[in-house]
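Below: the structure, in structure tokens.
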Amino acid sequence: MGDMANNSIAYSGVKNAVKETNHGDFGVTLAELRSLMELRAADALHKIQECYGDVHGICAKLKTSPNEGDLLPADGVLIQGNDLKIDESSLTGESDHVKKSLDRDPMLLSGTHVMEGSGRMVVTAVGVNSQTGIIFTLLGAGGDEEEKEKEKEKKDKKSKKQDGAVENRNKAKAQDGAAMEMQPLKSEDGGDGDEKDKKRSNLPKKEKSVLQGKLTKLAVQIGKAGLLMSAITVIILVLYFVIDTFWVQKRPWLAECTPIYIQYFVKFFIIGVTVLVVAVPEGLPLAVTISLAYSVKKMMRDNNLVRHLDACETMGNATAICSDKTGTLTMNRMTVVQAYINEKHYKKIPEPEAIPEKTMAYLVTGISVNCAYTSKILPPEKEGGLPRHVGNKTECALLGLLLDLKRDYQDVRNEIPEEDLYKVYTFNSVRKSMSTVLKNSDGSFRIFSKGASEIVLKKCFKILSANGEPKVFRPRDRDDIVKTVIEPMASEGLRTICLAFRDFPAGEPEPEWDNENDIVTGLTCIAVVGIEDPVRPEVPDAIKKCQRAGITVRMVTGDNINTARAIALKCGILNPGEDFLCLEGKDFNRRIRNEKGEIEQERIDKIWPKLRVLARSSPTDKHTLVKGIIDSTVFEQRQVVAVTGDGTNDGPALKKADVGFAMGIAGTDVAKEASDIILTDDNFTSIVKAVMWGRNVYDSISKFLQFQLTVNVVAVIVAFTGACITQDSPLKAVQMLWVNLIMDTLASLALATEPPTESLLLRKPYGRNKPLISRTMMKNILGHAFYQLVVVFTLLFAGEKIFDIDSGRNAPLHAPPSEHYTIVFNTFVMMQLFNEINARKIHGERNVFEGIFNNAIFCSIVLGTFIVQIIIVQFGGKPFSCSELSVEQWLWSIFLGMGTLLWGQLISTIPTSRLKFLKEAGHGTQKEEIPEEELAEDVEEIDHAERELRRGQILWFRGLNRIQTQIRVVNAFRSSLYEGLEKPETRSSIHNFMTHPEFRIEDSEPHIPLIDDTDAEDDAPTKRNPTPPPSPNRNNNNAADGAIHLTAGRRNKSATSSSPGSPLHSLETSL
């Protein structure tokens, strides 16, 4: 095994190969090596043979020595191997070891582990250029080296500019191309711009969560309405007082009366502020935070560790789940699930009593000694967990069969230790079998063999009959077993293994053990077993729930398509008779790419709606599929995609998805870091729980809104109308603040902590544009508001007659609290308390008490509010503007409050479909409402004040920049004119340049940056020019810097080759 010194030597060799390509020392470029390492198996072999002859050809071109090691530190190509098996689970997520050989699959990838065998490889890529490095770069972790290079370039430019030489400045500009001219926010040395870019790269993504967008818009609308109402209230009160006092009563303004007038005006202002406070839904953010925080805490019990709070709510809108197979849908434990023993096909593992003792003895000894002694089953780490499989997974499955048959393999191994095995023929890919020879005490030999059923059965001449005795096994019998046992097992995605033995009598001469073909023949078949990674028992039911809830589940796996299809059928992802697609990664790529090899969204849109299984998929395929579904416009609603992943390779897809689920047990650190939620039990059912909690968050917010808006409407109308008619608000400022506390803080706590129910999975996802307040909710809000207004106004204008008490209307400025207004206040609060129970249901359900005792917080808050209300009314006195009430008055208040429950039943009988005049509210932000620059992908969120400031800066810099550009263009024309006169044949003249046909401007639509384009500016060049022409030196590559390419047709003359002072350079710079 190589040491780290070898690794570093190989690393430097490749680094030199990359940097010095243009000097001709190496015959292969970095781009060629990267494209080679993206290929697998036959494709990679074909590419190597076509371009390099063989792997030694790559060695010759790289001029480097091979490298070897347990953990592969770099990408490479195998040049010599011996039974080499690699564990690629850290990259692909598939736990099966991959066999590597020169004629099969010679590609070795960094971050993978050598599990068996040995080999030598030539390093082709290291660091950010390796496959692991590319994944890290996609995750944003590979920018350190680029940052250093930028710093170096920046220092170079700074030192050149300090020299003050115009030529040097022009050269620096020529190297950087037009990008410097397109970025006016950069200072002279480009430093400020880099810092701003760095800051912007650390900012969160622009796109808000669905709920956040809807709530922001609704809160602003309600706030504006409240502000308008409060302003109108203050204006009407002031005008009414001024007109009544100085116009109607014709009183003069006396200096000594000024303090009294000011007190009146302050009172009016307080009433206006009170209306505003009640109207503005400041409890809305609190409700969202409480709901999300409560959900996150409870989701932890359901094995969902939430890393990003908004992922919880986003999951409620999920329309698609792209799930891994191994470990998520299946148990990640190879298990024997079917067996053919003693001429009987068992669909389940038989009871030990059903197998004859002789057959059982052969089975136990054969499996115990003919499996590697390193393969074993250990007790579970945690109590109640599953036993741990160590070693080869197929052998662990066979050992597990013995445990299921109530036999212990360890007893046999203790009796026959590994050193007592006479001869072992290890498993290899050619013979697809493993055999072990035992020498008996009487001098005879017995060989046990296991392997691929179709190969081992051909070597069997006998089979154990129903009573456990060997009988003749003819070719016809073999064909029958293949048709009736092996093919049905294979069609269900099972891996079939045949177990057999052979005896060598003691009297015969000892066989020639080196001749394996003569030894492993004439076998007696013991059993044929079917092995699979079984589907988790709870998964089919969970997938049915998802499908019923309007969520499409897709399987994306690195396994072969037959196994993937069989597992998908067992899970319920595929259902017989449905129109679906099962594709391999190769077919998927062929269908979504055009003739140039570019991915087209239109092609993806034709595939993904029907796609259910994507097998043999690479990390890029998964990322492409997720991005294609998210960007699709096939359906009216944008798809919300959740992705599960456990390998490092899943990082980009997890990050791209709306919600990324990483496996807590099998997942790598990179996958967990890129995810939003970690499944601590690696189980698909936990995703269904996450959907339930996500939808519950959405419903909890809707419940709170329904309750709060009812209070808002009533309180604002009562305060406004009462103030205008009676010159005083029936609900005093302190009382309003108590009502505000009930409906904001306490209600948000009560309604946002409702536990989820299974009924949440019986409806489709709401979608991104579904309003927060549905027409049913609007019916409830207006219906209850109507009842409460009738009760309040009846008590306000006729209460003194009903209860035979003094009227509280038109009281003087500092009058003591009246019973009349206390009854109005108390009844109003009682109606809110009982309406809080009504608000628990938002879809027109009749039973509002269903599950009420499951939420202890709700019951506590309702009861606590009622007790505090009693204390305020009975003992609040003047501070709360309350007078003590009698028992009869209390009973009337409670009775009128309970009326909201009966009124709610009446409202629910009215069909919403009849009420056409009702409007919905709380729509999400429509696409056309967002400015264009904010729709660009990966645009970061910038504060609006900062945006305005930056626009001013940009305008100034643009003006200055364009003046400089115009001066340069004039100079270019002038110099080209003189040069053209001196040299008639020269092409330096701008006119001559444009008239020569071999020159063409590749970009037909030059991008002129506008004031609003600053955010999209950095991304635009890469979108316009996806395949820049190769350039020997990266600093001279204008494509990378966003310049417009000018290429020569016949003479292949590059625009960058023009001299700094030439008009061609000036044109390029100005464009």
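The values are calculated or read from the model by the stated rules, or taken from the named source; none is laboratory data. Since this is a predicted model, take the numbers as computed values, not measurements. Ideal geometry is used to build each Cβ from the backbone, glycine not excepted, and the neighbour counts take in all protein chains shown. In case anyone asks, the SASA skips ligands and DNA or RNA and just uses the protein heavy atoms, side chains included. Shrake-Rupley method; radii C 1.70, N 1.55, O 1.52, S 1.80 Å.
Structural remarks
- Once both labels are positioned 7 Å from their Cα atoms along Cα-to-Cβ, the gap between Leu227 and Gln263 label points is 3.3 nm.
- Cut-off 19 Å, label 7 Å out along Cα→Cβ of Glu636, residues of region 753-771 by amide N: 763-771
- Phi-based couplings in Hz for region 877-886 (Karplus 6.51, -1.76, 1.60; Gly and Pro marked x): x, 5, x, 9, 6, 10, 10, 4, 10, 7
- The value given for region 685-839 is a Kirkwood hydrodynamic radius of 17.5 Å, derived from the mean inverse Cα-Cα separation.
- When each of Lys47/Lys610; Lys596/Lys655; Lys544/Lys916; Lys655/Lys689 is checked by Cα-Cα distance, pairs over 31 Å: Lys47/Lys610; Lys544/Lys916
- Phi-based couplings in Hz for region 783-794 (Karplus 6.51, -1.76, 1.60; Gly and Pro marked x): x, 5, 4, 4, 4, 5, 5, 4, 5, 5, 5, 4
- For peptides 723-729, 482-488, sequence by mean Cβ density within 10 Å, most packed first: 723-729, 482-488
- Counted residue by residue at 0.36 nm each, then reduced by the alpha carbon distance between them, the extension gain from Leu403 to Ala354 reaches 16.1 nm.
- Between the beta carbons of Leu915 and Arg763, assuming R0 = 22 Å, the FRET efficiency works out to 0.55 to the nearest 0.05.
- Cα-based Rg of region 311-365 normalised by 2.2 N^0.38 Å, two decimals: 2.04
- Rounded FRET efficiency, nearest 0.05, which uses the C-beta distance separating Asn517 from Asp479 and R0 of 22 Å: 0.45
- Label-point gap, in nm, between Ile416 and Glu538 - each point 7 angstrom along Cα→Cβ: 4.1 nm
- In region 566-642, the portion of solvent-accessible area held by carbon and sulfur atoms comes to 48 percent [1.4 Å probe, whole percent, DNA, RNA and ligands not counted].
- Inter-label distance for Lys596 and Val248, nm, one decimal - labels placed 7 Å from Cα along Cα-to-Cβ: 7.9 nm
- As a rough guide to protection, the peptides 569-581, 605-617 ranked by mean Cβ packing within 10 Å, highest first, stand as 605-617, 569-581.
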